[in-house]
Amino acid sequence: MNFKLDRDLIFFDIESTGLNVIRDRILQIAMIKFFKDGREPEELSMLINPGIPISEEAMQVHGILPKDVANKPTFQQVAEKILEFVGNADLAGYNSNRFDIPMLMEEFARVGIEFDISRRRTLDVQRIFYKMEPRTLKAALKFYCDEDMEDAHDALADVRATVSVFKGQLDRYRGVDYVDEDGNVSTSPIINDVQALHDFTNDLRFVDATQKMRYDTNGEIVFNFGKYNGKSVAATLARDKQYYNWILNKEFSSQVKQVVKKLVKEYERNNQK
């Protein structure tokens, strides 16, 4: 299928040091440019030295290690080349409106280039997917049970529908393997077992729902934010009581506060021996 274009269109994706569009940096950028005149698309792909550490979570996702980008150019060194390749094209990607485009704009801004998208059209393929295949309870009930939702947003009706959807999922995915984005296969993970489904539906890298704490590669609970990012929660808070009290008195979730209290208490008890 040929795209009907009145302006060049670039599909692009970036890999980064993390998910914060302000603080994190681009590690890799790849673009495919489709031309309005119908000539063959052109591609641009490059690794970039971010100048800052790469988070462990990011490395687990894309597999790009510090050694892979150590001798690559910085964004400042390739900014003009990227800008020239983009030209006046419209931009497209997957979740690009919320992540890739804002991060690219930040990178350009750091090197003194104003990357104006107000005159460009942006096409987010993820939004097409989510709008055309809605992830609502009503849609799930129709998909798994071929039933129409009645009394939507009545709490009891919603609970009953959720139970029906869950039963439908157990039936539909019996004996079905799950393959993640990296090609890792989980054999028949959807089974009638609460522990197994807990493990499957939760991101076990994180300690709390707000993802303020995570497990490092050694299984230790570390901070996932702030000035102590990556540092041991227990050891840090046992030493820095001011920061400990700040967490307990600020708008952190009750789950976070419960966990830090427990960790500090256990750390201090173990170190008194």
message: Against the definition (within 29 Å of Ser55 (Cα to Cα) and free of Cβ contacts under 8 Å to residues at least 60 places away in the same chain), how does Phe166 come out, yes or no?
response: no
- request: Would you be able to say whether some residue in the range 185-208 is of a type in the set (A, V, I, L, M), under 20 Å from the mean Cα position of the chain (by Cα) and either outside the structural domain of Asn20 (by TED's automatic domain parsing) or in a loop (DSSP other than H, G, I, E, B) (or both)?
  value: yes
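Listed here are the residues, each with its yes/no results for (1) in contact (Cβ under 8 Å) with a residue 24 or more places away in the chain; (2) closer than 21 Å to Gly230 by Cβ; (3) outside the structural domain of Phe223 (by TED's automatic domain parsing).
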{"position": "Arg25", "(1), (2), (3)": "yes, yes, yes"}
{"position": "Ser55", "(1), (2), (3)": "yes, yes, yes"}
{"position": "Gln77", "(1), (2), (3)": "no, no, yes"}
{"position": "Asp90", "(1), (2), (3)": "yes, no, yes"}
message: Scan the range 169-182 and tell me whether some residue there is over 25 Å from Gln28 (Cα atoms), among the β-branched types (Val, Ile, Thr) and at pLDDT 90 or above.
response: yes
- request: Working only within the range 166-184, note down all residues that are of a type outside the set (Ser, Thr, Tyr) and outside any helix (DSSP H, G or I).
  value: Arg174, Gly175, Val176, Asp177, Val179, Asp180, Glu181, Asp182, Gly183, Asn184
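Yes or no, residue by residue, for (1) touching a His at 6+ places or on another chain (Cβ under 8 Å); (2) surrounded by 14 or more Cβ atoms within 10 Å (Cβ to Cβ); (3) under 20 Å from Lys265 (Cα atoms); (4) among the β-branched types (Val, Ile, Thr):
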position	(1), (2), (3), (4)
Ile190	no, yes, no, yes
Leu204	no, no, no, no
Val207	no, yes, yes, yes
Lys212	no, yes, yes, no
Tyr215	no, yes, yes, no
Ile221	no, yes, yes, yes
Gly226	no, no, no, no
Thr236	no, yes, yes, yes
Lys241	no, no, yes, no
- request: Would you be able to say whether some residue in the range 240-252 is outside the structural domain of Glu57 (by TED's automatic domain parsing), farther than 24 Å from Asp24 by Cα, part of a helix (DSSP H, G or I) and modelled with pLDDT under 90?
  value: no
- line: Within the range 243-273, the residues that are free of Cβ contacts under 8 Å to residues at least 24 places away in the same chain, surrounded by 15 or more Cβ atoms within 10 Å (Cβ to Cβ) and not basic (Lys, Arg) are Tyr243, Tyr244, Ile247
Members of the range 30-86 found to be farther than 30 Å from Met213 by Cα and among the basic types (Lys, Arg), listed by number: Lys33, Lys36, Arg39, Lys72, Lys81
- prompt: Quick check: is even one residue across the range 45-64 among the charged types (D, E, K, R), part of a helix (DSSP H, G or I) and at pLDDT below 95?
  reply: yes
- prompt: Hey, among the residues in the range 211-239 that are more than 21 Å from the chain's Cα centre (by Cα) and β-branched (Val, Ile, Thr), which one's farthest from Asp24 (Cα to Cα)?
  reply: Thr236
field: helices (runs of 4 or more DSSP H) completely within the range 85-165 that count 1 or more residues being buried (at least 17 other Cβ atoms within 10 Å of the Cβ)
entry: 101-110, 137-145
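The values are calculated or read from the model by the stated rules, or taken from the named source; none is laboratory data. From a predicted model like this one, the values you see are computed outputs, not experimental measurements. Reconstructed Cβ throughout: ideal geometry from the backbone, glycine too, with neighbour counts over all protein chains shown.
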